[in-house]
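Asks: Shown below is the structure under consideration.
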Amino acid sequence: MRITNCRSCGREDLRVILDLGSQPIANALLNAEELNHSEAKFDLAVAFCPGCALLRVTETVPADVLYGPDYPYFSSSSPALLKHSAEHVKALISRFGLSPLSFVVEVASNDGYLLRNFVDRGIPCLGIDPADGPVGKANAIGVPTIHDFFGLRCAEKLARRRQAGRSRDREQRGRSCR
């Protein structure tokens, strides 16, 4: 989808400052059989907004194309990122006083590389990620993760689920008081 106005301030006079032409998806690695077929390409250009100084790409690639079933990136494959994540979670717990009564949500949580540090400390959490493989791995290691694209639809679904949970809790408390 071609972007013609600034997502931050709405101005329509974006200025392309770097144009790399039509490019394939960076993570869409081809196997031997696919090398003889054409692959999807998208314009890769960066535009500047003179109204708010936002830099942005000029085309939005459909999420299902970016995060298809063969999405190859797993954050936990980086030892440096795992170390940083553990340190970051420790700092967040200290700074915000997080405990088993808290609830942490991470959007674009990948394979649970960050949230597993909360799980290990007994702090409830939820990951949301659009890529099949990483979501499966996160759930397999005990990090509750929803396979979805985060947006208004997902947020509304989570809010309904939370409200239903509260109603169930009230109903159960009411039964136990009788």
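Asks: Can you give the charge dipole size of the chain about its Cα centre, rounded to the nearest 20 debye, using +1 on the beta carbon of Lys and Arg and -1 on the beta carbon of Asp and Glu? Working shown, then result.
Replies: Values: 23 positive and 20 negative charges, 304 e Å.
In total the dipole reaches around 1460 debye.
Asks: If each DSSP helix of 4+ residues adds -39,500 (n - 2.57) and the sum is divided by the residues in the chain, what number results at 222 nm, nearest 500 deg cm²/dmol?
Replies: Values: 5 runs with 63 residues, N = 178.
Mean residue ellipticity at 222 nm (helix-derived): -11000 deg cm²/dmol.
Asks: Also: In the structure shown, do any of 83/157; 83/137; 137/157 have a Cα-Cα gap over 26 Å, and if so which?
Replies: Numbers: 83/157 33 Å; 83/137 19 Å; 137/157 23 Å.
Flagged as over cut-off: 83/157.
Asks: Right, another one. Using a 10 Å cut-off around each Cβ, can you sort 38, 75 from fewest to most neighbouring Cβ atoms?
Replies: Numbers: 38 7, 75 19.
Sorted ascending by nearby Cβ count, the order is 38, 75.
Asks: Counting only residues 5 or more places away or on other chains, whose amide H sits under 5 Å from the amide H of residue 104 once H atoms are built in the peptide plane?
Replies: 125, 126
Asks: Where does the longest stretch of the chain lie that holds no GluC sites (Glu not before Pro) found in a DSSP loop with 15 or fewer other Cβ atoms within 10 Å?
Replies: On the way: sites that count: 12, 39.
The segment 40-178 is the longest one with no such site.
Asks: Mind sorting 109, 76 by how few other Cβ atoms lie within 10 Å of their own Cβ, fewest first? Walk me through the numbers on the way to the answer.
Replies: On the way: 109 26, 76 18.
Final ranking by Cβ density, sparse to dense: 76, 109.
Asks: Give me P(r) over segment 15-61, computed from all C-alpha to C-alpha distances, binned every 10 Å, as integer percentages.
Replies: Percent of Cα pairs in each bin: 24, 40, 23, 11, 3.
Asks: Ok, one more. Let me see the pair-distance distribution of segment 24-126: every alpha carbon pair, 10 Å bin width, integer percents in order.
Replies: Binned Cα distances yield the sequence 12, 29, 25, 26, 8, 1.
Asks: Kirkwood hydrodynamic radius, computed over distinct alpha-carbon pairs, for segment 75-177: how many Å, to one decimal? Mind dumping the intermediate values first?
Replies: On the way: mean 1/r = 0.0674 Å⁻¹.
For segment 75-177, inverting the mean 1/r across all distinct Cα pairs yields 14.8 Å.
Asks: If you don't mind, another one. Run the numbers for residue 34 and residue 132: contour at 0.36 nm per residue of separation, minus the present Cα-Cα distance, in nm. Show your work: numbers first, answer last.
Replies: Details: separation 98, 0.36 × 98 = 35.28 nm, distance 2.08 nm.
Once the chain is fully extended between residue 34 and residue 132, it gains 33.2 nm.
Asks: Do any chymotrypsin sites (Phe, Trp or Tyr not before Pro) in segment 20-110 lie in a DSSP loop with no more than 16 other beta carbon atoms within 10 Å, and if so, which? Intermediate values should be presented prior to the final figure.
Replies: Working: sites: 42, 48, 67, 73, 74, 96, 103; in loops: 67, 73, 74, 103.
Qualifying residues, ordered by number: 73, 74, 103.
Asks: For a paramagnetic label modelled at 7 Å from the Cα of residue 83 toward its Cβ, which residues of segment 89-125 fall within the zone defined by backbone nitrogen distances under 17 Å?
Replies: Hits in segment 89-125 for residue 83 at 17 Å: 89-91, 114.
Asks: Continuing with this model, one more query. Could you please rank 104, 143, placing first whichever residue has the fewest other Cβ atoms within 10 Å of its Cβ? Intermediate results must be reported in sequence, preceding the final value.
Replies: Numbers: 104 19, 143 24.
Result, fewest neighbours first: 104, 143.
Asks: Right, another one. Starting from one equal scatterer on each C-alpha and no solvent at all, send me the Debye-based log10 I(q)/I(0) for the chain at q = 0.10, 0.11, 0.18 Å⁻¹, two decimals.
Replies: -0.60, -0.71, -1.23
Read the figures in this text as sums done on the coordinates, not as results from a lab. The model shown is predicted, which means the values in this text are computed figures rather than measured ones. Using ideal geometry, Cβ is built from the backbone for each residue, glycine included, and neighbour counts are taken over all protein chains shown.
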